[in-house]
Amino acid sequence: MSRAVPNFRIYAESLIDGEISRNVSSKSDPAVVFVVIKKLSPQFVSLMGAAGFRALVSRALALASKEVDWLGELHVGNDSSFEGMNELRAQPNPKEIADGGIVLLARLLGLLMTLIGEDLTLQLLRNFSDIELGQEN
């Protein structure tokens, strides 16, 4: 289904599950991944600046769009928000939206790990969430 690297996909799913457990109303929103990315943004911006974070999100979106067609309809705004979300929420297949969101977040995490390394990335994610990351292997 997805070519996103398996560990990154696991991390992405864990972050999304954590958000859903903290905010039950997110469970019914297939676009919860965009809430997770928005909540992660302050840590990423403090590390790489607003322009760096926007570039990272834009690149992750470009990579994920090659795997998930509907992601190509989204654009990253100047404030790193996703434009085109209203149209996305009107789409009839919530599972497709949720699965595509996992691919997007996995790509974002993969790029971040490439830039700053796995240890620092996992530390940032641990600071964000109480989930256990990087404990396998």
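The values are calculated or read from the model by the stated rules, or taken from the named source; none is laboratory data. Bear in mind that the values here come from a model prediction, so they are computed numbers and not experimental data. Methodologically, a virtual Cβ is constructed for each residue, glycine included, from the backbone with ideal geometry; neighbour enumeration extends over all protein chains shown.
From Arg107, Arg59, grab the single residue that is in a helix (DSSP H, G or I), within 22 Å of Ile20 (Cβ to Cβ) and among the basic types (Lys, Arg).
Arg107
Here are Asp79, Asp130: which of them is within 16 Å of Lys39 (Cβ to Cβ), outside any helix (DSSP H, G or I) and modelled with pLDDT of 85 or more?
It is Asp79.
Go through Ser81, Ser41 for me and flag whichever is farther than 18 Å from Asn7 by Cβ and in contact with a Phe, Trp or Tyr (Cβ under 7 Å, 6 or more places away or on another chain).
On inspection, the qualifying residue turns out to be Ser41.
In the range 58-70, what residues are of a type outside the set (Ser, Thr, Tyr), within 15 Å of the chain's Cα centre (by Cα) and either exposed (fewer than 14 other Cβ atoms within 10 Å of the Cβ) or closer than 23 Å to Val45 by Cα (or both)?
Matches in the range 58-70: Arg59, Ala60, Leu61, Ala62, Leu63, Ala64.
So Leu88 clears everything in (1) surrounded by 13 or more Cβ atoms within 10 Å (Cβ to Cβ); (2) at pLDDT 90 or above except one condition, right? Which one?
Answer for Leu88: the failing condition is (2).
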